[in-house]
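We did not get these values from a lab; they are worked out from the coordinates using the rules stated. Remember, predicted model here, so these are calculated numbers, not experimental data. Cβ coordinates were reconstructed from backbone atoms using ideal geometry, including for glycine residues, and neighbour counts include every protein chain displayed.
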Amino acid sequence: MRKKIVAGNWKMNNNFNQTKDLVTELKEFNFPKDVSVMISPAYPFLKTSVDLLQDSSIKVVSQNIHQKNNGAYTGEVSSEMLKSIGVNNTLIGHSERRAYFNETDDVLLEKIEFALNNNLNIIFCFGEELSDRKSNNHFKLVKTQLDNTVLKMNKESWKNIILAYEPVWAIGTGETATPEQAQEMHEFVRNYICECYDNSVSDNVSILYGGSVKPSNASEIFNKNDVDGGLIGGASLSAKDFNLIIEANSSL
Ligand code: PGA
C-alpha cells in the first residue's frame, strides 16, 4: 500500500543548537498516525537527531551519500557510515545536487545502487527545469531521468524507493506547480512504472511532490490521487508550518 509521507529537507540551514531545538519541538507534536514523517538535517547533526528521536516515529534522512563505501574521497560520507549511526534513509538526486555538484544520471545510478545494497531507503528526486516545461519537453525529460536511474533497479528494490517529483522552477521560488500539474506528472510516472514492471510496483510506490509547498497550498496538492505527500524545504524549518503540512496530508 502507498504510504503517506511528509519529509522536511533542511538543506544547509540551522546550526547545532537550532537543529536540536527544531527536532525537540517536532517531537512534541502528535502527528496523525497515517502520515510518516521524516526530517533531513545536515550531516554533522544526524547522529544527535537520531538520538533525540529514539522514542519517536520521526525518521532521519541524509541529504546525500557518496557512491563508494570507503576510501580516499575527502569530504564524502558513505551509506555504511550513515547506517552505523542509525540513519536508514537518504535523499538522492536533489536538483541542487545535480545543478551545483554536477551529479549526473550516471553518478546518481551508482549512488542508488550503493544505498540499496546497504539497505538504505532512498527518496529519489527528479523534475524538469522551466525551459523543459516551456518547450513541452517535461514528460520526456522526466522519463529519461527515471530510465537512467531508478528504473534500472529490479522489482524487489522498489520496496526501498520513494520518489519525489520536484520541478526545479518551483523549488524555493514561491512558485508552486498547480495541483493539476503535479497530478498530471505523478500519474504519468506511476503509469510508466507500471509499464516497466507491473502494478504491484506502481500501486505501492509513494510519489511525493516538492516545490514551495506551504500550509496554505498543501492540502489541495496532497488531495490529488497520485500525490502521496511532500518533500518540503523552506516551510519545514518552522515546526508550526511543518506540522500543518503534515496534518494536511492526513485523511483521519
Ligand atoms: P522548497 O524546497 O519547499 O523550499 O521549495 C523543496 C525541496 O528542495 O525539496
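The table below lists the values:
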item	result
Residue count, region 1-54 (criterion: touching a residue at least 60 places away in the same chain (Cβ under 8 Å), over 30 Å from Ser200 (Cα atoms) and aromatic (Phe, Trp, Tyr))	2
Residue match in region 164-175 (condition: closer than 26 Å to Glu113 by Cβ and surrounded by fewer than 17 Cβ atoms within 10 Å (Cβ to Cβ))	no
Qualifying residue in region 66-76 (condition: more than 16 Å from the ligand (Cβ to nearest atom), over 30 Å from Asn243 (Cβ atoms) and crowded, with 18+ Cβ neighbours inside 10 Å)	yes
Count - residues of region 73-107 that are of a type in the set (Gly, Ala, Ser) and assigned to a helix (DSSP H, G or I)	4
Subset of region 197-228 (residues that are farther than 24 Å from Asp147 by Cβ and under 17 Å from the mean Cα position of the chain (by Cα))	Ser212, Val213, Lys214, Ala218, Ile221, Phe222
Any helices (runs of 4 or more DSSP H) falling wholly within region 150-252 and containing at least 3 residues that are at negative phi, free of Cβ contacts under 8 Å to residues at least 12 places away in the same chain and more than 16 Å from the ligand (Cβ to nearest atom)	179-196
Odd one out for Leu26, checked against (1) buried (at least 19 other Cβ atoms within 10 Å of the Cβ); (2) assigned to a loop (DSSP other than H, G, I, E, B); (3) aliphatic (A, V, I, L, M)	(2)
